[in-house]
Structures are given as structure tokens and as C-alpha cells.
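Presented below is the structure to which this report refers.
The values are calculated or read from the model by the stated rules, or taken from the named source; none is laboratory data. All of these numbers come straight from a predicted model, not from anything done at the bench. Here the Cβ is made from the backbone with ideal geometry for all residues, glycine too, and neighbour counts use every protein chain on show.
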Amino acid sequence: MSNDVKKTTDGFPCVSDACIFCSICAKNCPVGAITVDRKSKAWQIDKSACILCGACAQNCPKAAITLDKNAKRSASARARKSFALPIKVPRSKGVLIVNEKMCAGCMSCMYACSLAHEGVAAPHLSRIRVESYDFEKWDNTAKVCMQCSDPQCMRYCPCNAITVDKVTGARVINEELCIGCQECIKHCPYTPSRIRFDDIKLKAIKCDLCGGDPECVKSCPFGALKYFTCEDGVETGYRGEDL
């Protein structure tokens, strides 16, 4: 595919004449589907390998790559068929539990979480969230990752950026590998998604259980958040057969 291609009819990424053949798209492709030859000014994509994640378009410094949004939706549908079977990963050794009757929606947990992970008290960067459904009314329930036994986020991540922490068993995101495609967010079985998107870093973020000593639990003034281990007989979230 040469640099004079400006549109596509099959939904796959294509480049315009703004392309400078810098190879940044190829370096950021999680499946190695893009080949760039600067000498011959050739840009090629392996359609059999492309997963339509959009990482190439997102990282292009010249905005020279376009991708049909409808094609991305079709890819997600194909992915659901391809990943029909549950994946087998070690169970999380612990999980956060919220006592809905005790939660006051004060957001102390969100401030503590963002301060611990990002170094700033900014609720929008928190891994835990308290949802507001109208301007002055909280739903009074903190939303936490349930550390699923059959983690859909891990299953649908196209670049294997989600792994199991060896100490806590938490499902954690490697920011260096995350391409910001948000497939993990789309496929979280909980509503709202327990995984959030950092609009500044352009990365997905989620609870990592703080190494087994969650800051949100320690900061809650009402004792509404508790950290339980599997030894306490508490089950983790989605297990595959729940669908």
C-alpha cells in the first residue's frame, strides 16, 4: 500500500499522503501487522493479523492513518466468537467488598486511591469510583473491581497487557504494554465498568489491591470497605458460567 491511499472500503487502517514513513505505527502495533519501508516509501498491512485495535492511528504523529469505526465494532463481534471459552488463571487471593448500607458516597476512597497511585488527590484518576446519577445525589455505593476468576478484561486485551500479580493475585495492567484501545473496559461484565480510562495517559487503569493493603479500605471513615482473602470464604467476581 503506497502513500497515495486516502480511503479504504474494507475497514482496515490505511494511510494518506501525510505519511512520513516513520514506522511509529509499526512499532506500536501489538500484533506486528504493519510493515513500513522508508526507502521505497511503502506502507503495508497484514489484514489476516490486524485486530483493528486502532493503536496505529492513535500513535501516528501526522494523523495520516484512518480506521473505520464500524470495522472496529465488527472486530469486537468477531472477537467475542473467537474467545468463547473461559480462560484459566489463578484465583485472586483477595477482593474488596463494599457494605452498601454503610457507604456514604464521601469519595474518601477515591482521593486515597488517586493519591497512592498518581501522587495527587484527583478522584477522576481513582481506580475505585462512587457514581453520581444526578447533580446532588450519590448512589452511595463505591464500585470496585471484583478480580474475576474468568477475567474478561484479560481475555479481550489484544496486547497481553493484563496479568496476574504474583503476590496478591490481582489482575493488573502493565501501562507500558497497554495501547489504550479500551477493549478491557468494553468487556468488563460489570456496569459501570470497573476499569477506567486515563484521558491524559491514554491508558486503562484498574484496582491492583495495593499489594494486599488497599489504601481505600484504610481511608474509609465509615468502615464500608473491607479487604477479604479467599481464606475468609469470599468469592471473586465473574466466573465464566455467569453469562
(Q) Residues that are among the β-branched types (Val, Ile, Thr) and either within 24 Å of LEU115 (Cβ to Cβ) or at pLDDT 95 or above (or both): does segment 196-211 have at least one? (A) yes
Q. With (1) under 30 Å from VAL164 (Cβ atoms); (2) of a type in the set (Gly, Ala, Ser); (3) at pLDDT 80 or above; (4) part of a helix (DSSP H, G or I) as the list, and GLY32 as the residue in question, which single condition is left unmet?
A. (4)
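Hey, among ALA161, ALA170, which residue is of a type outside the set (Asp, Glu) and within 17 Å of HIS117 (Cα to Cα)? First the steps, then the outcome.
Values: ALA161 fails: within 17 Å of HIS117 (Cα to Cα).
So the residue among ALA161, ALA170 that is of a type outside the set (Asp, Glu) and within 17 Å of HIS117 (Cα to Cα) is ALA170.
Can you spot a residue in segment 184-195 that is of a type in the set (A, V, I, L, M), closer than 20 Å to LYS93 by Cα, in contact (Cβ under 8 Å) with a residue 24 or more places away in the chain and in contact with a Cys (Cβ under 9 Å, 6 or more places away or on another chain)? Lay out the reasoning, then the answer.
Going through segment 184-195, the residues of a type in the set (A, V, I, L, M) turn out to be 185, 195.
Add one more test, that the residue is closer than 20 Å to LYS93 by Cα, and what stays is 195.
Narrowing further to those that are in contact (Cβ under 8 Å) with a residue 24 or more places away in the chain: 195.
If we keep only those that are in contact with a Cys (Cβ under 9 Å, 6 or more places away or on another chain) as well, we get 195.
Yes: segment 184-195 contains one or more residues that are of a type in the set (A, V, I, L, M), closer than 20 Å to LYS93 by Cα, in contact (Cβ under 8 Å) with a residue 24 or more places away in the chain and in contact with a Cys (Cβ under 9 Å, 6 or more places away or on another chain).
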Q | strands (runs of 3 or more DSSP E) fully within segment 88-169 counting 2 or more residues that are closer than 13 Å to LEU225 by Cα and either modelled with pLDDT of 90 or more or not assigned by TED's automatic domain parsing to the domain that holds ASN28 (or both) | A | 94-98, 129-134, 137-143
**Q.** Of all residues in segment 13-70 being over 25 Å from LYS203 (Cα atoms) and of a type in the set (Val, Ile, Thr), the one that is surrounded by the fewest Cβ atoms within 10 Å (Cβ to Cβ)
**A.** ILE20
**Q.** Filtered residues of segment 138-163 (kept if in contact (Cβ under 8 Å) with a residue 60 or more places away in the chain and either touching a Ser or Thr at 6+ places or on another chain (Cβ under 7 Å) or within 20 Å of GLU215 (Cα to Cα) (or both))
**A.** ALA142, VAL144, CYS145, MET146, GLN147, CYS148, SER149
